[in-house]
Number of protein chains: 2
Amino acid sequence: MTKITNDLFLRACKGKSVERTPIWIMRQAGRYLPEYRAVRKKSNFITMCKTPELASEVTIQPVDLIGVDAAIIFSDILVIPEAMGMKLEMIESKGPKLYDPIRKASDIDKLKTIDAVKDLKYVLDAVSMTKRELNGRVPLIGFAGSPWTLMTYMVEGGGSKSFSEIKKFIYNQPEAAHKLLDKIADAVAEYLSAKIEAGANALQIFDTWGGLLSPADFEEFSLSYIEKIISQIKRKDEPVIVFAKGVHYKLNKLAECGADVIGLDWTMDIGKVRSKIGKKVALQGNLDPTVLYGSEEKIRTEAVNVLKSFGKHKGHIFNLGHGILPDVSPAKAKFLVDVIKEESRKFH
Amino acid sequence: MTKITNDLFLRACKGKSVERTPIWIMRQAGRYLPEYRAVRKKSNFITMCKTPELASEVTIQPVDLIGVDAAIIFSDILVIPEAMGMKLEMIESKGPKLYDPIRKASDIDKLKTIDAVKDLKYVLDAVSMTKRELNGRVPLIGFAGSPWTLMTYMVEGGGSKSFSEIKKFIYNQPEAAHKLLDKIADAVAEYLSAKIEAGANALQIFDTWGGLLSPADFEEFSLSYIEKIISQIKRKDEPVIVFAKGVHYKLNKLAECGADVIGLDWTMDIGKVRSKIGKKVALQGNLDPTVLYGSEEKIRTEAVNVLKSFGKHKGHIFNLGHGILPDVSPAKAKFLVDVIKEESRKFH
């Protein structure tokens, strides 16, 4: 195993001492980079996910170009529903479409139990290839969607504005919903274990749609399955990060789900959250992604505000509070990374 | 002046004793009602807003059909930008469009200072007509968008997914942004004062997009202008409600903005919010609107959970945590109203 040269990210995830705060950016391998768009132009999104050389190339781009302290494998959360047997299509400027959405118990029986090594070999190959290419420069993060978030896509048949189908499903067929969540949780745990086996140094679970739920429903339909996954993942010391967007109302419970790190969106005051949930977990976040539309002065001020709010404690990984926006200038993203590398030394 | 027969809503807004918890529903005059769709079929949305007879008819429908304890005048928050000189169009199944969006300081100078009695006569006529028709059965609520929410539409030119234009505007041209917010705040205060003059018994300010902002930005770009409006409105005893969706992080500050009532979205635990901000204001909310997709049993359980969470205190107005969804059955909405009328007696 290659030793990781820059292991700041891994140390911060475990609440250990660091010389400065590590930084990575959600969606850092993405459309804001001209180098990414050049690859994307010759291919399409799903082909990029399924071609280890291309996935690996765009995964490493932000490490070289922006100087982040961790890479995250280029992929999509919907590879799981696809591996379970649903037909997936990415429709240009409209988003993902899953054909024949799940609407009743019998639809669930048709879904396959996945064998990650076989059904998602292309992701695992991308992970191993990227690890070789990175050659220990920075750690590599693997990721998956939470069962609740994946189920939302599988029932809606894609994205949604009103989320009426998924809400009808959980309120009118709660048993079927739990059966499906259980099946997805098993698939995600198997998949994330295989990513660790393939060389991932850390994992992030995205609960993009957790914030749609009322506090009680979040515990029942999302959090319990995140806990299940974390308890099932086969890992040694690899940290698990949970990013549950909009879930401001269950931070104490989230901090007890077994994750090493909780990711915060930009609507929370990271210092207040730290005081509230204490040292149980490390925190990741949480600069408003739109601040990167501002001037360098504005970016520096707001980035330092996040560092100050967290204060001189251990266990902070700097990130945006949501994915980087496609029309942000790469120079601004690099400026942010440089600011954090420089300014955060004062806090350690 | 006609005396209000059912004044439960007004008493609850002021934290006074009531025999049972009053209920009204955001977007209660809306598409889920076949009687509304029948009016809408013969007209279009903007014409309905501008024709007092039609606006009045759909405003009163939910009082007759669902049995709510307050009516809210049928209108749209974008009548203000239109009165200020922007061209407004409602595009079927796409949403509102404001032509020639504001992008620089000189665009702001072109906006008119409104004279509500002249420029928004049709809304005021709808208010007076509805008051006559209601004949004191229940109070009538007037409303407006917050300056931040209105500015978002005026700069984006309509709805948005990424909100990149408005964020670029506030970060790169903060002076222009404050100038525009100030101008909108004056218009909204003038408009709401005129609504009171025309007979509105209460006012609600909708800050639909407040939750897009980080906590510090919310104070600077939204809350301060809500405060300004409330201090400027000419009113006697008419309560003001502020509903700031997603603003879970500034509830204490919100409670000090001068409003009598704070509306909560469904992601907050209303009992916890009450303990946190005390008796400074009454609270409105906050059942998850998608619960109305569930069975009667589910609706009863969740509605009673909200009542229990608030507990045996004064100052609760029951509502959904966001607008009622267009594909909800009217029978379910009526069932909810009946459940609250019956079950809430135990809490008073």
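The values are calculated or read from the model by the stated rules, or taken from the named source; none is laboratory data. Note that this is a predicted model, so its numbers are computed, not measured. Cβ sites come from the backbone with ideal geometry, for glycine too, and all protein chains shown count toward neighbours.
Structural remarks
- Helices (runs of 4 or more DSSP H) lying entirely in the stretch B:1-55 (those with 3 or more residues that are out of contact with any Phe, Trp or Tyr (no Cβ under 8 Å at 6 or more places or on another chain) and at pLDDT below 95): none
- Summed over the stretch A:194-225, the residues that are charged (D, E, K, R) and out of contact with any helix residue (DSSP H, G or I) (no Cβ under 9 Å at 6 or more places or on another chain) give a count of 0.
- Selected residue (criterion: nearest to the other protein chains (Cβ to nearest Cβ)) from residues of the stretch B:134-164 that are without any contact (Cβ under 8 Å) to a residue 40 or more places away in the chain and assigned to a loop (DSSP other than H, G, I, E, B): B:S162
- Test: residue in the stretch A:239-250 that is closer than 24 Å to A:V155 by Cα and aromatic (F, W, Y): yes
- Flag for B:G246 being touching a helix residue (DSSP H, G or I) at 6+ places or on another chain (Cβ under 9 Å), assigned to a loop (DSSP other than H, G, I, E, B), at pLDDT below 95 and within 30 Å of A:K298 (Cβ to Cβ): yes
- The criterion of being touching a residue at least 12 places away in the same chain (Cβ under 8 Å), within 20 Å of B:M26 (Cβ to Cβ) and more than 11 Å from chain A (Cβ to nearest Cβ) does not hold for B:F347.
- Taking the criterion of being touching a Ser or Thr at 6+ places or on another chain (Cβ under 7 Å), within 14 Å of chain A (Cβ to nearest Cβ) and more than 26 Å from B:S146 (Cα to Cα), the only residue of the stretch B:272-309 that qualifies is B:Y293.
- Flag for A:E89 being surrounded by fewer than 22 Cβ atoms within 10 Å (Cβ to Cβ), in contact with a strand residue (DSSP E or B) (Cβ under 7 Å, 6 or more places away or on another chain) and part of a helix (DSSP H, G or I): no
- For A:L287, the criteria (1) touching a strand residue (DSSP E or B) at 6+ places or on another chain (Cβ under 6 Å); (2) at pLDDT below 95 hold in every case but one, which is (2).
- Condition met for B:K312 (out of contact with any Ser or Thr (no Cβ under 8 Å at 6 or more places or on another chain) and in contact (Cβ under 8 Å) with a residue 60 or more places away in the chain): no
- Considering only residues in the stretch A:95-144 that are of a type in the set (S, T, Y) and touching a strand residue (DSSP E or B) at 6+ places or on another chain (Cβ under 8 Å), the one that is surrounded by the fewest Cβ atoms within 10 Å (Cβ to Cβ) turns out to be A:Y99.
- Residues within the stretch B:18-50 that are over 30 Å from B:F347 (Cβ atoms), surrounded by 17 or more Cβ atoms within 10 Å (Cβ to Cβ) and of a type outside the set (V, I, T), tallied: 5
- Figure legend. Inter-residue proximity from the stretch B:244-257: first residues at the interface with another protein chain (Cβ under 10 Å from one of its Cβ atoms) and more than 20 Å from B:M26 (Cα to Cα), second residues modelled with pLDDT of 95 or more and surrounded by fewer than 19 Cβ atoms within 10 Å (Cβ to Cβ), beta-carbon distance below 8 Å, spacing 6+ or different chains. Indicated pairs: B:K250/B:E219.
Residue by residue, here is whether (1) in contact with a Phe, Trp or Tyr (Cβ under 8 Å, 6 or more places away or on another chain); (2) modelled with pLDDT of 95 or more; (3) not small (G, A, S) holds:
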site: B:Y225; (1), (2), (3): yes, yes, yes
site: B:V242; (1), (2), (3): no, yes, yes
site: B:L251; (1), (2), (3): no, no, yes
site: B:E302; (1), (2), (3): no, yes, yes
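- Of the residues making up the stretch B:324-348, those that are out of contact with any Pro (no Cβ under 7 Å at 6 or more places or on another chain) and either among the β-branched types (V, I, T) or part of a loop (DSSP other than H, G, I, E, B) (or both) number 8.
Residue-wise test of (1) under 21 Å from the mean Cα position of the chain (by Cα); (2) under 30 Å from A:K167 (Cβ atoms).
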position: A:Y36; (1), (2): yes, no
position: A:F45; (1), (2): yes, yes
position: A:M48; (1), (2): yes, no
position: A:S56; (1), (2): yes, no
position: A:A71; (1), (2): yes, no
position: A:L78; (1), (2): yes, yes
position: A:E82; (1), (2): yes, yes
position: A:E92; (1), (2): no, yes
position: A:L98; (1), (2): yes, yes
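- Answer residue from the stretch A:205-215, given it is part of a strand (DSSP E or B) and either out of contact with any strand residue (DSSP E or B) (no Cβ under 9 Å at 6 or more places or on another chain) or buried (at least 23 other Cβ atoms within 10 Å of the Cβ) (or both) and is farthest from the other protein chains (Cβ to nearest Cβ) among those: A:I205
- Looking at B:K167, B:K183, B:K195, B:K179, just one residue is in a helix (DSSP H, G or I), within 14 Å of chain A (Cβ to nearest Cβ), on the phi < 0 side of the Ramachandran plot and basic (K, R), and that residue is B:K167.
- With respect to being surrounded by fewer than 21 Cβ atoms within 10 Å (Cβ to Cβ), over 29 Å from A:F335 (Cα atoms), basic (K, R) and in contact with an Asp or Glu (Cβ under 8 Å, 6 or more places away or on another chain), A:K234 fits the description.
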